[in-house]
1. On the given criteria, is residue 92 within 13 Å of the chain's Cα centre (by Cα) and not in a loop (DSSP other than H, G, I, E, B)?
2. Can you name the condition, by its number, that residue 9 falls short on among (1) outside any helix (DSSP H, G or I); (2) out of contact with any helix residue (DSSP H, G or I) (no Cβ under 7 Å at 6 or more places or on another chain)?
3. Considering each of 93, 106, 52 in turn, give the residue that is modelled with pLDDT of 95 or more and farther than 21 Å from residue 4 by Cα.
4. Filter region 54-75 for residues that are more than 25 Å from residue 23 (Cβ to Cβ) and in a loop (DSSP other than H, G, I, E, B); which is nearest to the chain's Cα centre (by Cα)?
5. Note down all Cβ pairs under 6 Å where the first residue falls in region 10-21 and is at pLDDT below 95, the second is surrounded by 12 or more Cβ atoms within 10 Å (Cβ to Cβ) and assigned to a strand (DSSP E or B), and they're at least six residues apart or on different chains.
């Protein structure tokens, strides 16, 4: 998956982009880690309980110039992209996804596009 100016999780109708006011320290303060290539990556579980290792994961990567991003929801091992918005089977994962994204918006990391 390539970096784009705005991104959405597979199946989601809401697109997000990097907040123009976001800085490197803003990303680090919000749990992003710097990769070897200089990009910033955040991986969060979408499980109902944090101890569970079986659910989905949100992967959010922001480019080192803080202008582009990519986003996906994957299986627990991170190898396969999933669509949690298809059907009503993953209601809890959808709620957690929106909760995490609203938190990123309120902290100035992302904004709706």
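1. Values: within 13 Å of the chain's Cα centre (by Cα): no; not in a loop (DSSP other than H, G, I, E, B): yes.
Answer is no for this residue.
2. (2)
3. Values: 93 fails: modelled with pLDDT of 95 or more; 52 fails: modelled with pLDDT of 95 or more.
After applying the criteria, what remains is 106.
4. Narrowing region 54-75 to residues more than 25 Å from residue 23 (Cβ to Cβ): 54-57, 73-75.
Imposing the further condition that a residue be in a loop (DSSP other than H, G, I, E, B) reduces the set to 54-56, 75.
Details: 54: 18, 55: 15, 56: 12, 75: 14 Å.
Result: 56.
5. 10/81
The values are calculated or read from the model by the stated rules, or taken from the named source; none is laboratory data. Please read these numbers as outputs of a predicted model, since none were measured by experiment. Neighbour counts are summed over all protein chains in view; Cβ atoms, including those assigned to glycine, are modelled from backbone coordinates with ideal geometry.
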